[in-house]
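> Handing you this structure, nothing more for now.
The values are calculated or read from the model by the stated rules, or taken from the named source; none is laboratory data. Predicted, not measured: the structure shown is a model, and the values here were computed from it. FYI the Cβ positions are ideal-geometry reconstructions off the backbone, even for glycines, and counts take in every protein chain you see.
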Ligand code: SF4
């Protein structure tokens, strides 16, 4: 790879300053906008039920991201346990909402650094941090250790979007690829379905910060993205994602931003008991949302095939080493370029 990850250009003193700042954040936790103020270095737990050591629920080569991220050899994904949101329909609820069992998967920051290097040795295109927000402080420490030991891949920050701007600023140029969700276009649905009071307000600030760091242009090497911003938007049944407001905001920020419009919703977790969430998205609903991209002049990105929900169901219960069945399915259902 000829691309040099941006973290290689962060001076030592600057990295040290950021680590010191991060160390303060986790003592009175403001790692995410919940601002629990828990001293996680001292056993106190906030809403995410996580101490100051990262929980690695699974790590694997992953071929089911957008093709521009999975490439030929896969993304080197690390799935973190627990979460700062509580989505009724979370597809990863086995690892995201199961804190007692997931505590057994706590690892040291040194071990997490080793995992990054193990994945790199498997030839993946990047390191994908999946649901990193509540562990942003220990992950930053691990990245520093991994860099010292030879990490040389761009890092993807694959987040639910409920991130603090203060924390994101510490990741400037540590992260080359931001991959945030933009789940809802109003606070009310975030309150109802993800149990957080201010999702829409917070995600707008977080995405602005990500955009300021990497802009809207995607940088490619050999057909795989090495730097940039891709916003994911999952279409929910009954218009519960308030997609029009999401697109309106993005178009005002920069209509050149890349959007990955996702069709993989299926009712799982508590959604099975919710009358508004307990069904797949209809073709007509999905097409209506896809048309809104045109209405707001959002031309860059990808639209997932409607059949995708059959291919993207993780099974963390049965196989932590291969939760997406890569062994069986090396060619996942693709996304089609817009
Ligand atoms: S990361 Fe966890 S403890 Fe910290 S503010 Fe968010 S939910 Fe609270």
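> Give region 132-147 a look and list any residue that's more than 16 Å from the ligand (Cβ to nearest atom) and crowded, with 23+ Cβ neighbours inside 10 Å, or say none. Give the steps one after another, and end with the answer.
The initial filter retains those residues of region 132-147 that are more than 16 Å from the ligand (Cβ to nearest atom), namely 142-147.
Within region 132-147, 142, 143, 146 meet the criteria.
> Looking at region 247-338, what strands (runs of 3 or more DSSP E) fall wholly within it and have at least 3 residues that are modelled with pLDDT of 70 or more?
Details: elements: 258-262, 301-304, 335-337.
In region 247-338, the matching strands (runs of 3 or more DSSP E) lie at 258-262, 301-304.
> Further, regarding this structure: In region 41-83, which residues are closer than 23 Å to residue 180 by Cβ and within 13 Å of the ligand (Cβ to nearest atom)? Quick ask: steps written out before the conclusion?
Step one: list which residues in region 41-83 are closer than 23 Å to residue 180 by Cβ, which gives 46-50, 54-71, 74-83.
Answer for region 41-83, where residues must be closer than 23 Å to residue 180 by Cβ and within 13 Å of the ligand (Cβ to nearest atom): 46, 47, 48, 49, 50, 54, 55, 80, 81, 82, 83.
> I'm told residue 117 meets every condition in (1) closer than 18 Å to residue 157 by Cα; (2) out of contact with any strand residue (DSSP E or B) (no Cβ under 8 Å at 6 or more places or on another chain); (3) more than 16 Å from the ligand (Cβ to nearest atom); (4) touching a residue at least 60 places away in the same chain (Cβ under 8 Å) except one. Can you identify the failing condition by its number?
Here residue 117 meets the rest and fails (4).
> Regarding residue 95, is this residue within 16 Å of the ligand (Cβ to nearest atom), in a helix (DSSP H, G or I) and either touching a strand residue (DSSP E or B) at 6+ places or on another chain (Cβ under 8 Å) or closer than 24 Å to residue 263 by Cβ (or both)?
Working: within 16 Å of the ligand (Cβ to nearest atom): yes; in a helix (DSSP H, G or I): yes; either touching a strand residue (DSSP E or B) at 6+ places or on another chain (Cβ under 8 Å) or closer than 24 Å to residue 263 by Cβ (or both): yes.
Yes; evaluated as a whole, the condition is true for this residue.
Yes or no, residue by residue, for (1) under 30 Å from residue 27 (Cα atoms); (2) within 15 Å of the ligand (Cβ to nearest atom); (3) in contact with a strand residue (DSSP E or B) (Cβ under 9 Å, 6 or more places away or on another chain):
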{"residue": "149", "(1), (2), (3)": "yes, no, no"}
{"residue": "156", "(1), (2), (3)": "yes, no, yes"}
{"residue": "167", "(1), (2), (3)": "yes, yes, no"}
{"residue": "172", "(1), (2), (3)": "yes, no, no"}
{"residue": "192", "(1), (2), (3)": "yes, no, no"}
{"residue": "197", "(1), (2), (3)": "yes, yes, no"}
{"residue": "214", "(1), (2), (3)": "yes, no, yes"}
{"residue": "222", "(1), (2), (3)": "no, no, no"}
{"residue": "227", "(1), (2), (3)": "no, no, yes"}
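> I'm told residue 274 meets every condition in (1) without any contact (Cβ under 8 Å) to a residue 60 or more places away in the chain; (2) over 12 Å from residue 233 (Cα atoms) except one. Can you identify the failing condition by its number?
Of everything listed in (1) without any contact (Cβ under 8 Å) to a residue 60 or more places away in the chain; (2) over 12 Å from residue 233 (Cα atoms), residue 274 misses just condition (1).
> Considering (1) surrounded by fewer than 19 Cβ atoms within 10 Å (Cβ to Cβ); (2) not in a helix (DSSP H, G or I), say which one residue 46 fails and leave the rest.
Every listed condition holds for residue 46 apart from (1).
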